[in-house]
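Chemist: Just dropping this structure here.
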Amino acid sequence: MEPLPSTDDLLRAMTVLAIPGDPLSIMQDLDADRRRAHLLAHIGAALVERQESLESRAGLSVDDRADLHFAADRAAAGGSGLDRLQAARLAWVQQSVTRQRGRRPDPVADAVATTLGVLVALLTAPPAAGPVVSDAVRALCGAADHLGSVLRAQPEPV
């Protein structure tokens, strides 16, 4: 098992990187593992924000960014578990879209969440091709078609 950063290490990282947020409020009433998880989530979000800004300033193309993140993911995953990292990110996006949607149906958010759910299922399916993977691919095609229909039906922004 990999060594986990201590709470003090994470607090230092937030200070050194000037990450916004009150660590005491973030950690309030949490056990040690949840404290670290919450602090890491705040650090991760701030780093993604800064990474995007730096990538834009550096003039990185979409391909350059994909290569950069693929290499970083491989290094972080130690050569294994790359699909797990990608599936975790997609699941987070799916949950974020679902939460932002609110209680009322939203055709775009619903189509995006469904499409992401199918992608997660494909990435986490056993490697052997079978009915589950075949069904997931058909569902993904259907979700993509639905998403395209929904987006085409949206009025053009003014």
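The values are calculated or read from the model by the stated rules, or taken from the named source; none is laboratory data. Computed from a prediction, not measured in an experiment: that's the story for all the values here. Please note: Cβ atoms are built from the backbone with ideal geometry, for glycine as well, and neighbour counts cover all protein chains shown. Side chains are part of the model used for accessible areas, which takes the heavy atoms of the whole protein and leaves out ligands, DNA and RNA. Shrake-Rupley method; radii C 1.70, N 1.55, O 1.52, S 1.80 Å.
Chemist: Working only within segment 91-140, note down all residues that are charged (D, E, K, R) and not in a helix (DSSP H, G or I).
Modeler: Across segment 91-140, the qualifying residues are ARG103, ARG104, ASP106.
Chemist: Which count do you get for residues in segment 1-22 that are within 26 Å of LEU68 (Cα to Cα), open to solvent by less than 80 Å² (accessible area, probe 1.4 Å), assigned to a loop (DSSP other than H, G, I, E, B) and in contact (Cβ under 8 Å) with a residue 12 or more places away in the chain?
Modeler: 3
Chemist: Which of the following residues is hydrophobic (A, V, I, L, M, F, W, C), modelled with pLDDT under 85 and under 23 Å from VAL48 (Cβ atoms): LEU151, LEU82, LEU140?
Modeler: On inspection, the qualifying residue turns out to be LEU82.
Chemist: Is it true that some residue in segment 103-123 is among the polar types (S, T, N, Q) and closer than 29 Å to HIS146 by Cβ?
Modeler: Taking every residue of segment 103-123 in turn, at least one turns out to be among the polar types (S, T, N, Q) and closer than 29 Å to HIS146 by Cβ.
The rows are residues; the columns are (1) without any contact (Cβ under 8 Å) to a residue 60 or more places away in the chain; (2) out of contact with any Cys (no Cβ under 9 Å at 6 or more places or on another chain); (3) of a type in the set (S, T, N, Q); (4) loosely packed, with under 14 Cβ neighbours inside 10 Å.
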position: VAL48; (1), (2), (3), (4): yes, yes, no, yes
position: SER53; (1), (2), (3), (4): yes, yes, yes, yes
position: ARG57; (1), (2), (3), (4): yes, yes, no, yes
position: VAL62; (1), (2), (3), (4): yes, yes, no, yes
position: ARG65; (1), (2), (3), (4): yes, yes, no, no
position: LEU68; (1), (2), (3), (4): yes, yes, no, no
position: ALA77; (1), (2), (3), (4): yes, yes, no, no
position: ARG84; (1), (2), (3), (4): yes, yes, no, yes
position: THR98; (1), (2), (3), (4): yes, yes, yes, no
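Chemist: Which one is modelled with the highest pLDDT, of the residues in segment 44-65 that are in a helix (DSSP H, G or I), among the hydrophobic types (A, V, I, L, M, F, W, C) and more than 14 Å from the chain's Cα centre (by Cα)?
Modeler: Across segment 44-65, the extreme among qualifying residues is LEU54.
Chemist: Let me spell it out: the conditions are (1) out of contact with any helix residue (DSSP H, G or I) (no Cβ under 6 Å at 6 or more places or on another chain); (2) open to solvent by less than 60 Å² (accessible area, probe 1.4 Å); (3) under 15 Å from LEU119 (Cβ atoms); (4) not aliphatic (A, V, I, L, M), and GLN94 meets all of them except one. Which number is the exception?
Modeler: All conditions are met except number (1).
Chemist: Within segment 23-46, how many residues turn out to be loosely packed, with under 11 Cβ neighbours inside 10 Å, over 13 Å from PRO5 (Cβ atoms) and not aliphatic (A, V, I, L, M)?
Modeler: 4
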